[in-house]
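J.: Below is a structure I'd like to ask you about.
The values are calculated or read from the model by the stated rules, or taken from the named source; none is laboratory data. In this text the structure is predicted, and so the values were computed from the model without any measurement. Cβ sites come from the backbone with ideal geometry, for glycine too, and all protein chains shown count toward neighbours.
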Ligand SMILES: Cc1cc2nc3c(=O)[nH]c(=O)nc-3n(C[C@H](O)[C@H](O)[C@H](O)COP(=O)(O)OP(=O)(O)OC[C@H]3O[C@@H](n4cnc5c(N)ncnc54)[C@H](O)[C@@H]3O)c2cc1C
């Protein structure tokens, strides 16, 4: 799995995500032909790297970015891109695990991150299918109806935009027959490939230098700076390095309680009948949970069925069975929907013990910062990582360092 590289090597996804129809590749970046020097080097051309680059440029740093595959071609292309502040671990459960103060800060920081992303997309004028959405959080084996009521109250008490809906209200807004749900404002959806490529194009216009394919084979960090070794004797020297390598973990990281699992998703044909009135994001308080969203061309994207499988061959072999399960679940939840499958895909996914990501300076490696945006809110966590990275570059403390730290 390690090979001759500074990071693990994984088959990140299989199948055709709805955002990346067959053959669509996008020509950002070129292979490096000579050694390079920059203030900041970023390893990883996905959504995490794109947001970190944006933050580094805003802080006035020169930026070089390296990706072994290409830009927005890793896990980001497989994302279903529900942009939520609601964490996988309910606020009531997270409070019991990490305490009231830290749980509230984790949830608040996530809410602020979705707002920050909305603002940045508007500032940069990115056309990426970004739409504000509400969410409906349905009862399941993690929270029943009584648990959902308590969850809605706990969130509202700390100022988050959640309330409990009864069955009738839920039917009116989402067309779903369930006894109730937590209804939240402040979420959104986007096309993750357009979002990430838009950020990269903007970064390039502001002077970032993008290279792909460029496999970072070694990282040597000292007090004076960091040197990255690439094939052909090429080196990149930088004052700071960000590891945004997604589920291909860097060798220098030893996070505890984090693991790579597998997930599956599908998109229907564009729906002829009207979609549910609010077009809210829908997900379940269940483990594993099911989630749904719509696309600008009126498809339904549905995903979940996560399983503790890290091996790509086993994962890929499960595609027919998992997609059929997703299709059947869609038919049961929304009997009037056209459940014919147009796109099906699977990919690596991260799970952590608390549902929180690990973000921060790498213990024992000078000048290196890492983002492990594990969990169902990977993109929200990438935004938090970019904010923390910017402060770290500027020598400023971050008030939530203890909630997300890598140590
Ligand atoms: C099916 C699915 C559904 C998801 N749904 C959601 C969702 O609804 N909402 C949400 O917020 N999140 C979701 N996620 C999670 C989210 O998509 C991820 O957290 C996010 O895309 C990770 O982005 P990244 O930039 O960290 O990783 P990636 O996009 O994988 O980018 C990392 C890059 O690093 C490069 N790299 C690795 N090692 C090296 C090296 N040694 N040298 C050079 N380059 C290297 C890789 O080539 C890769 O391109 C989902 C994920 C999947 C798979």
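J.: Which ones in segment 357-398 are more than 25 Å from residue 220 (Cβ to Cβ), without any contact (Cβ under 8 Å) to a residue 40 or more places away in the chain and crowded, with 19+ Cβ neighbours inside 10 Å?
T.: Once the filter is applied, which keeps residues that are more than 25 Å from residue 220 (Cβ to Cβ), without any contact (Cβ under 8 Å) to a residue 40 or more places away in the chain and crowded, with 19+ Cβ neighbours inside 10 Å, segment 357-398 yields only 398.
J.: Now, a different point. Residues to consider are 219, 323; find the one that is assigned to a strand (DSSP E or B), at pLDDT 95 or above, buried (at least 17 other Cβ atoms within 10 Å of the Cβ) and out of contact with any helix residue (DSSP H, G or I) (no Cβ under 6 Å at 6 or more places or on another chain). Spell out how you get there, then give the answer.
T.: On the way: 323 fails: assigned to a strand (DSSP E or B).
Result of the check over 219, 323: 219.
J.: Report every pair of residues separated by at least 6 positions or lying on different chains whose Cβ atoms are under 6 Å apart, first residue within segment 66-80 and farther than 14 Å from residue 48 by Cβ, second part of a loop (DSSP other than H, G, I, E, B) and within 6 Å of the ligand (Cβ to nearest atom).
T.: 68/215
J.: Just to check your reading of the model, which residue among 165, 143, 148 is part of a loop (DSSP other than H, G, I, E, B) and more than 16 Å from the ligand (Cβ to nearest atom)?
T.: On inspection, the qualifying residue turns out to be 143.
J.: Additional query: Which of the residues that make up segment 363-378 are assigned to a loop (DSSP other than H, G, I, E, B) and modelled with pLDDT of 95 or more?
T.: First, pick out the residues of segment 363-378 that are assigned to a loop (DSSP other than H, G, I, E, B): 363-367, 373-377.
Listed by number, the list holds a single entry, 367.
J.: Being farther than 30 Å from residue 294 by Cα, within 15 Å of the ligand (Cβ to nearest atom) and either at pLDDT 95 or above or in a strand (DSSP E or B) (or both) is the requirement here; does residue 17 meet it? Reasoning before the result, please.
T.: Values: farther than 30 Å from residue 294 by Cα: no; within 15 Å of the ligand (Cβ to nearest atom): yes; either at pLDDT 95 or above or in a strand (DSSP E or B) (or both): yes.
Answer is no for this residue.
J.: Restricting to helices (runs of 4 or more DSSP H) lying wholly in segment 43-127: which have 2 or more residues that are within 16 Å of the ligand (Cβ to nearest atom)? Walk me through how you get there before you give the answer.
T.: On the way: elements: 47-58, 91-98, 100-124.
Qualifying helices (runs of 4 or more DSSP H): 47-58, 100-124.
J.: Tally up the residues in segment 233-261 that are over 28 Å from residue 387 (Cα atoms) and either surrounded by fewer than 16 Cβ atoms within 10 Å (Cβ to Cβ) or within 25 Å of the chain's Cα centre (by Cα) (or both), please. Show your work before the answer.
T.: Taking segment 233-261 first, the residues over 28 Å from residue 387 (Cα atoms) are 233-234.
If we keep only those that are either surrounded by fewer than 16 Cβ atoms within 10 Å (Cβ to Cβ) or within 25 Å of the chain's Cα centre (by Cα) (or both) as well, we get 233.
Qualifying residue count for the region: 1.
J.: Another one. Which condition number in (1) surrounded by 18 or more Cβ atoms within 10 Å (Cβ to Cβ); (2) over 23 Å from residue 362 (Cβ atoms); (3) near the ligand (Cβ under 10 Å from one of its atoms) is the one that residue 230 fails?
T.: (2)
J.: Can you tell me which of 147, 49, 140, 99 is outside the structural domain of residue 186 (by TED's automatic domain parsing) and over 18 Å from the mean Cα position of the chain (by Cα)?
T.: Testing whether each residue is outside the structural domain of residue 186 (by TED's automatic domain parsing) and over 18 Å from the mean Cα position of the chain (by Cα) leaves just 99.
J.: Consider residue 88 against the criteria (1) surrounded by 18 or more Cβ atoms within 10 Å (Cβ to Cβ); (2) modelled with pLDDT of 95 or more; (3) under 19 Å from the mean Cα position of the chain (by Cα): it satisfies all of them except one. Which criterion is unmet?
T.: (2) is the only condition that residue 88 fails.
J.: Might you check whether a residue that is surrounded by fewer than 19 Cβ atoms within 10 Å (Cβ to Cβ), away from the ligand (no atom under 15 Å from the Cβ), under 20 Å from the mean Cα position of the chain (by Cα) and in a helix (DSSP H, G or I) occurs anywhere in segment 349-356?
T.: For segment 349-356, residues surrounded by fewer than 19 Cβ atoms within 10 Å (Cβ to Cβ), away from the ligand (no atom under 15 Å from the Cβ), under 20 Å from the mean Cα position of the chain (by Cα) and in a helix (DSSP H, G or I): absent.
J.: Looking only at segment 264-289, filter to residues that are touching a helix residue (DSSP H, G or I) at 6+ places or on another chain (Cβ under 8 Å) and under 15 Å from residue 182 (Cα atoms); which one of those is surrounded by the fewest Cβ atoms within 10 Å (Cβ to Cβ)? Lay out the reasoning, then the answer.
T.: Keep residues of segment 264-289 that are touching a helix residue (DSSP H, G or I) at 6+ places or on another chain (Cβ under 8 Å), which gives 264-266, 268, 276-278, 280, 282, 285.
Then keep just the ones that are under 15 Å from residue 182 (Cα atoms); that gives 278, 280, 282, 285.
Details: 278: 16, 280: 25, 282: 29, 285: 22.
Once the filter is applied, the top-ranked residue is 278.
J.: Here is a check on your reading of the model: is residue 345 touching a residue at least 12 places away in the same chain (Cβ under 8 Å), in a helix (DSSP H, G or I) and more than 20 Å from residue 137 (Cα to Cα)? Step through it out loud before you land on a result.
T.: Working: touching a residue at least 12 places away in the same chain (Cβ under 8 Å): yes; in a helix (DSSP H, G or I): no; more than 20 Å from residue 137 (Cα to Cα): yes.
The answer is no for residue 345.
J.: Still on this structure, I have one more. Across segment 168-192, which residue is nearest to the ligand (Cβ to nearest atom) among those that are free of Cβ contacts under 8 Å to residues at least 12 places away in the same chain and assigned to a helix (DSSP H, G or I)? Break it down into steps so the answer makes sense when it comes.
T.: Kept after step one, since they are free of Cβ contacts under 8 Å to residues at least 12 places away in the same chain, are these residues of segment 168-192: 168, 171, 177.
Checking which are assigned to a helix (DSSP H, G or I) leaves us with 168, 171.
On the way: 168: 28, 171: 24 Å.
Among those that are free of Cβ contacts under 8 Å to residues at least 12 places away in the same chain and assigned to a helix (DSSP H, G or I), it is 171.
J.: Additional query: Could you please let me know if residue 29 is within 14 Å of the ligand (Cβ to nearest atom), on the phi > 0 side of the Ramachandran plot and in the same structural domain as residue 389 (by TED's automatic domain parsing)? Walk me through it before giving the result.
T.: Numbers: within 14 Å of the ligand (Cβ to nearest atom): yes; on the phi > 0 side of the Ramachandran plot: yes; in the same structural domain as residue 389 (by TED's automatic domain parsing): yes.
So residue 29 fits the description; yes.
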